[in-house]
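Everything below concerns the one structure shown next.
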Amino acid sequence: MSGPSIETRGLTKRWGNFTALDHLTLHLEGSKCVGFLGPNGAGKTTTLKLLADMIFPTEGDCSLNGISVRESRKRALENAGVLIESPEIYPSLTPNEALEMVADLRGVPARDRRNRVKEVLAEVKMSDWADKKVGRFSKGMKQRINIAAALVHDPEVVILDEPSTGLDPRGMAEVRSIVRDLKKSHRLIFMSSHILSEVTEVCDEVALIDRGKLLFYDTLENVTARFSDGHSSVDIGFARPVTEDALRTELGSVSAVREVIPLAGNKYRVRFDGGLSAQEQLLETLAGRHLGLVSVAESESALEEVYLQKISRGD
Ligand SMILES: Nc1ncnc2c1ncn2[C@@H]1O[C@H](COP(=O)(O)OP(=O)(O)OP(=O)(O)O)[C@@H](O)[C@H]1O
Ligand SMILES: [Mg+2]
């Protein structure tokens, strides 16, 4: 096996009669970021906790870098950084103090600790705050220190459970940019998220889970290409009400148009076949009709469409 890896084989977790995770078999390998998507209660945190040996599986097994978590917990987790349910950092500590303690616990040799803490604070863009007390930090800054704590022993496998949830838009953007940079350093990142745009922006691959079952795992490109079926769509807005029928009539001459879907306000989503030239023809036709076209936006990400399709169908 080459490069960092995460593997689960028939991994199952039951709480009494309830199956939280149902025979999950997944093999992630190489330096990349894999997004782990699914609705509330799908089994994401359960999976990540099983990988981190925070709970025991009912059936099945998992390995990190080819080492079984059940058989050799210490060796398997040695090379993994985990952030699940962000812990509170003691408020009167500084990042330097807190991270040196974590480095000690994670077995970083005393002579390397200072340097390693410095490197990891740079990675989470918190170098300027190394000697300030954590108690006064914003939620986003605390989360960056938590990410630094997961990285302090320079692990190859990084497991993050919704790292940007609960942060304001700026905090989310910061965490996202940090995760994006982590990829560059030969790591396998497995990150659960609810935010589809975040996964699209940060991840190379995506796994979707629902009711404890894996629905698919593939590259982001394959997932969106496979399910979007060659369609594209744009969202268009008008200055005044335009009826659906009127819009359909006006667009009748554009053969690429497949579907017109009303959205909120005076907005519509237009689905069409083909790429940019079809989009050009569509928009130029509309602009020439003087219907009061005032805005054009890319539709929600293709991943969102796939997600809604798969989750609502429940297959
Ligand atoms: N200790 C427990 N006892 C009983 N049921 C549990 C326990 N922990 C989790 N569950 C159940 O297992 C299911 C999966 O939970 P999990 O936390 O893995 O979901 P999730 O995908 O992380 O959801 P979310 O997006 O809300 O974080 C849920 O229905 C949850 O209620
Ligand atoms: Mg969860």
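A short reminder: the numbers here are calculations on the coordinates, not readings from a lab. These numbers were taken from a predicted model, which means no experiment stands behind them. Every residue, glycine among them, receives a Cβ derived from its backbone with ideal geometry; neighbour counts consider all protein chains shown.
In Å, what Kirkwood hydrodynamic radius results for the chain from the alpha-carbon pair distances?
Computed over the chain, the radius equals 21.8 Å.
Suppose a student asked you for the relative contact order of segment 183-315, using Cα pairs under 8 Å spaced at least 6 residues apart; what percent would you report?
Answer for segment 183-315 is 28 percent.
Which percent of Cα pairs goes in each bin when the distances of segment 242-315 are cut into 5 angstrom slices starting at zero?
Percent of pairs per bin, in order: 3, 13, 24, 26, 16, 10, 6, 2, 0.
Measure off 7 Å from each Cα along the Cα-to-Cβ vector at Glu284 and Glu298, then give the distance between these two points in nanometres to one decimal.
About 2.3 nm separates the two model spin labels.
Semi-axes of segment 137-255's equivalent ellipsoid from the Cα gyration tensor, sqrt of 5 times each eigenvalue, largest first, rounded to whole Å?
The three semi-axes for segment 137-255 are 38, 20, 12 Å.
For an R0 of 25 angstrom, estimate the FRET efficiency from the Cβ-Cβ distance between Ser255 and His194 and round to the nearest 0.05.
0.05
P(r) for segment 63-151: what percent of alpha-carbon pairs falls in each 10 Å bin, starting at zero?
17, 46, 28, 9, 0
If I model a spin label at Gln309 and Asp204 as a point 7 Å from the Cα along the Cα→Cβ vector, what separation in nanometres do I get?
Here the modelled spin labels are 2.5 nm apart.
With r defined as the distance between the Cβ atoms of Ser127 and Glu244 and R0 fixed at 45 Å, what FRET efficiency is calculated, to the nearest 0.05?
About 0.25, to the nearest 0.05.
If the cut-off is a Cα-Cα distance under 12 Å, which aspartates and glutamates reach Lys267, setting aside same-chain residues fewer than 8 apart in sequence?
In chain and number order, the partners are Asp235, Glu244.
Out of Thr243, Ala297, Leu308, whose Cα points farthest toward the positive end of the dipole of segment 229-313 (charges: +1 Lys, Arg; -1 Asp, Glu; placed on Cβ)?
Positive-most Cα among the choices belongs to Thr243.
Just need log10 I(q)/I(0) for segment 34-112 at q = 0.18, 0.21, 0.26, 0.27 Å⁻¹, Debye formula, equal scatterers on the alpha-carbon atoms, no solvent, rounded to two decimals.
Debye curve over Cα of segment 34-112, log10 I(q)/I(0) at q = 0.18, 0.21, 0.26, 0.27 Å⁻¹: -0.92, -1.07, -1.24, -1.28.
Which percentage, to the nearest 5, of the DSSP beta bridges contained in the chain is antiparallel?
65
Work out how much length Leu93 to Arg170 would gain on full extension: take 0.36 nm times their residue separation and subtract the Cα-Cα distance, in nm to one decimal.
25.3 nm
Give me the net charge for the shell around Asp112: Cβ to Cβ below 13 angstrom, other residues only, Lys and Arg +1, Asp and Glu -1.
That works out to +2.
Based on alpha-carbon atoms only, what is the radius of gyration of segment 171-315 relative to the globular estimate 2.2 N^0.38 Å?
1.26
Using Cα pairs under 8 angstrom and six or more residues apart, how large is the relative contact order of segment 5-225, in percent?
Relative contact order comes out at 29 percent.
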